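To keep things clear, I will list the structure first and then write my remarks on it.
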């Protein structure tokens, strides 16, 4: 019962370095999401993929890119990391984005620090 | 501009008593509401949800109440157990926005034994 798997769990980067966060789900879900969580704030949507082959911006997309590699995998890339991107990143998946009664399932997060 | 607000950062409750977590929203387009529970170093897990066509949904010890006119929902946990100690996030979505979730900042619940 792996569910949603995120790698790595922790990472420290220097300003300007690039990094790709990996996410894979084994629930045959069609929709996948990337969120960030900052202290005192709820999770904020960065990008999502409603189905394989599509990606769309969420609330806070600046500084990020995504790739929906296949149905299982959805990666998040920081091209030039900035201290403001220090955060905990969560990947999630759901059966279909348009099904309101299908809750999203989350991975355990990647804690990213940028110095 | 926070569309989903959880105004109590933390709540402490005695084991066996009722825990009431509150959530307010500002966007009248929201038509589905969810509660997620999060333990440290883990991802959020889905707890319970409610559609805007209902005013109450129950699942075991957990009940969510929705007051649309007040744009307010609450999560009741009865009886509270030490294992319920976690961060609780309220989230809202709208069919108009393709089911994208908008989260509140969370409330830390501590259940004392």
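The values are calculated or read from the model by the stated rules, or taken from the named source; none is laboratory data. Model, not experiment: these values are computed from the prediction. All Cβ positions, even for glycine, are placed from backbone atoms using ideal geometry, and neighbour counts span all protein chains on display.
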### Summary
When residue B:9 is run through (1) within 13 Å of another protein chain (Cβ to nearest Cβ); (2) farther than 25 Å from residue A:39 by Cα; (3) loosely packed, with under 14 Cβ neighbours inside 10 Å, the failure sits at (2)
### Query
Any residue at all in region B:83-98 that is exposed (fewer than 13 other Cβ atoms within 10 Å of the Cβ), within 14 Å of chain A (Cβ to nearest Cβ), closer than 28 Å to residue A:31 by Cα and modelled with pLDDT of 95 or more?
no
### Message
On the basis of being over 18 Å from residue B:100 (Cα atoms) and in a strand (DSSP E or B), does residue A:44 make the cut?
### Response
no
### Task
Please tell me if residue B:47 is within 14 Å of chain A (Cβ to nearest Cβ), surrounded by fewer than 21 Cβ atoms within 10 Å (Cβ to Cβ) and closer than 24 Å to residue A:38 by Cα.
yes
### Summary
Condition set modelled with pLDDT under 95, within 14 Å of chain B (Cβ to nearest Cβ) and surrounded by fewer than 20 Cβ atoms within 10 Å (Cβ to Cβ), scope region A:39-53, selection farthest from residue B:7 (Cα to Cα): answer is A:51
### Task
Take region A:68-82 and flag every residue that is touching a residue at least 12 places away in the same chain (Cβ under 8 Å) and either within 14 Å of another protein chain (Cβ to nearest Cβ) or more than 23 Å from residue B:42 (Cα to Cα) (or both).
A:68, A:70, A:71, A:79, A:80, A:81, A:82
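For every residue, the table says whether it meets (1) free of Cβ contacts under 8 Å to residues at least 40 places away in the same chain; (2) not in a strand (DSSP E or B).
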{"residue": "A:20", "(1), (2)": "no, no"}
{"residue": "A:24", "(1), (2)": "no, no"}
{"residue": "A:39", "(1), (2)": "yes, yes"}
{"residue": "A:54", "(1), (2)": "yes, yes"}
{"residue": "A:65", "(1), (2)": "yes, no"}
{"residue": "A:98", "(1), (2)": "no, yes"}
{"residue": "A:108", "(1), (2)": "no, yes"}
{"residue": "A:111", "(1), (2)": "no, no"}
